[in-house]
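As structure tokens, the structure follows; a few thoughts come after it.
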Amino acid sequence: MKYLVLLFLMAPDLFSNSPTYLFLRSDISARAAALGGSFVSAKNDPNGIFYNPSLISTIDKEKFSFGYSSYLTDLKTTHFSFNKNYDSLNDFGLGIIYNSYGDFIEKDEFNNELGIFSASDLVLITSYSYKLEENLFVGVSSKFINSTIANYKSSAIAVDCGIYYFLPGSNPLTFGASIQNFGKQIKSYNTTKEDLPFDIKIGMTIKPEHLPMDINLNFNKINEDQKNDLDRLRYFSIGGEFTMSASLKFRFGYNNEKRKDLKLGTSSDMAGFSFGFGFAKETYIIDYAYSSLGKIGEVNRINLSLIF
């Protein structure tokens, strides 16, 4: 336990972010996207493997999840996740992310067409979570990352670490934190190797008394250098999940970083805002999310999870 805490404390001084493999920071699941990406302390979802590996210990039953996202132009994302409850202390998970960027026309410096090429990304994830004590879990994930652009290929290996703690009571609190993309590039597109988009996230979930609602609050990129500590608050997201009935949930979210980054001119429009719903039955769950990119467009995500 003390070594995990030490890693959380030391990591901001040891590493920095870089622009390669930035897709690793994108929201994966529909539920997480609907909550504005505020998911590091969320529970009971196999897609938590993409945000905090310790979350797989919060899943009450074994689940298999398939998701699809449609972005701008021809970018499509498909993901799979699965969790296995081995015993009361040990849990395992698997995750896959695949991005397809469509086809492009290849041209030379004289604008002559040479043919067609494609681009794609693939991430393979294996996770393990362990129950340290009552309501306290730690987890670790290994990642293999492969990216292809025409005949150029790049690959990397990385590790995610996470911690989850549940504080019961009339107003239960959940705390979560994760270190993501701690690793290195093992094969570059050219002769220059780049760092991975290292990130540290912390968050909490609170259930207000007498309200059928969970509120998630996350702070991201707390490892990045800022002019002052208040600037770190710029990278926050917040989301709410209303329980409308035993089978229906409504979600909304706000991501402050996306709203600022997607501002065009003097207007951000609805950039950074998201909403969605979840419909659950005994053997399956359907999740949907709509995320606004402001004047640029929007992203639609859908998930199907099977319960075993």
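The values are calculated or read from the model by the stated rules, or taken from the named source; none is laboratory data. All figures in this text were calculated on a predicted structure; none of them were measured in a lab. FYI the Cβ positions are ideal-geometry reconstructions off the backbone, even for glycines, and counts take in every protein chain you see.
Listed here are the residues, each with its yes/no results for (1) aliphatic (A, V, I, L, M); (2) in contact with a helix residue (DSSP H, G or I) (Cβ under 6 Å, 6 or more places away or on another chain); (3) free of Cβ contacts under 8 Å to residues at least 60 places away in the same chain.
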position	(1), (2), (3)
199	no, no, no
206	yes, no, yes
255	no, no, no
266	no, no, yes
280	yes, no, yes
284	no, no, yes
292	no, no, yes
297	no, no, no
**Request:** Looking at (1) β-branched (Val, Ile, Thr); (2) touching a Gly at 6+ places or on another chain (Cβ under 6 Å); (3) free of Cβ contacts under 8 Å to residues at least 60 places away in the same chain, find the lone condition where residue 125 falls short.
**Result:** (3)
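Quick grid of which residues meet (1) more than 11 Å from residue 95 (Cα to Cα); (2) in a helix (DSSP H, G or I):
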position: 24; (1), (2): yes, yes
position: 32; (1), (2): yes, yes
position: 39; (1), (2): yes, no
position: 44; (1), (2): yes, no
position: 49; (1), (2): no, yes
position: 60; (1), (2): yes, no
position: 65; (1), (2): no, no
position: 69; (1), (2): yes, no
position: 74; (1), (2): yes, no
**Prompt:** Does at least one position in the stretch 149-166 carry a residue that is in contact with a strand residue (DSSP E or B) (Cβ under 6 Å, 6 or more places away or on another chain), under 30 Å from residue 36 (Cβ atoms) and assigned to a loop (DSSP other than H, G, I, E, B)?
**Reply:** no
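Residues are listed down the side, and each one gets a yes or a no for (1) over 22 Å from the mean Cα position of the chain (by Cα); (2) under 21 Å from residue 89 (Cβ atoms); (3) surrounded by 15 or more Cβ atoms within 10 Å (Cβ to Cβ):
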position: 128; (1), (2), (3): no, yes, yes
position: 134; (1), (2), (3): yes, yes, no
position: 151; (1), (2), (3): yes, no, no
position: 160; (1), (2), (3): no, yes, yes
position: 168; (1), (2), (3): yes, yes, no
position: 175; (1), (2), (3): no, yes, yes
position: 178; (1), (2), (3): no, yes, yes
position: 184; (1), (2), (3): no, no, no
position: 201; (1), (2), (3): no, no, yes
**Fill in**
The one condition residue 121 fails out of (1) surrounded by 15 or more Cβ atoms within 10 Å (Cβ to Cβ); (2) among the acidic types (Asp, Glu); (3) over 26 Å from residue 23 (Cα atoms) is (3)
**Asked** Among the residues of the stretch 85-94, is there at least one that is within 25 Å of residue 156 (Cα to Cα), modelled with pLDDT of 95 or more and under 12 Å from the mean Cα position of the chain (by Cα)?
**Response** no
**Message:** I'm checking my understanding of the structure. Among residues of the stretch 128-158 that are β-branched (Val, Ile, Thr) and in contact (Cβ under 8 Å) with a residue 60 or more places away in the chain, which one is farthest from residue 51 (Cα to Cα)?
**Reply:** 145
**Asked** Before we move on, is residue 106 surrounded by fewer than 24 Cβ atoms within 10 Å (Cβ to Cβ) and under 18 Å from residue 128 (Cβ atoms)?
**Response** no
**Message:** Can you report the number of residues in the stretch 69-96 which are polar (S, T, N, Q), without any contact (Cβ under 8 Å) to a residue 40 or more places away in the chain and more than 22 Å from residue 288 (Cβ to Cβ)?
**Reply:** 1
**Message:** Taking the criterion of being assigned to a loop (DSSP other than H, G, I, E, B), charged (D, E, K, R) and within 29 Å of residue 217 (Cα to Cα), would at least one residue in the stretch 181-196 satisfy it?
**Reply:** yes
**Request:** With a cut-off of at least 1 residues that are of a type in the set (Ser, Thr, Tyr) and surrounded by fewer than 16 Cβ atoms within 10 Å (Cβ to Cβ), name the strands (runs of 3 or more DSSP E) lying wholly within the stretch 234-308.
**Result:** 236-243, 284-292
**Item:** Residue in the stretch 52-68 that is touching a residue at least 12 places away in the same chain (Cβ under 8 Å), closer than 21 Å to residue 256 by Cβ and buried (at least 24 other Cβ atoms within 10 Å of the Cβ) present
**Value:** yes
**Fill in**
Checking 63, 43 in turn, the sole residue that is of a type in the set (Lys, Arg) and under 23 Å from residue 181 (Cβ atoms) turns out to be 43
**Request:** Test residue 118 against the criterion of being at pLDDT 90 or above, under 21 Å from residue 49 (Cβ atoms) and not charged (D, E, K, R), and give yes or no.
**Result:** no
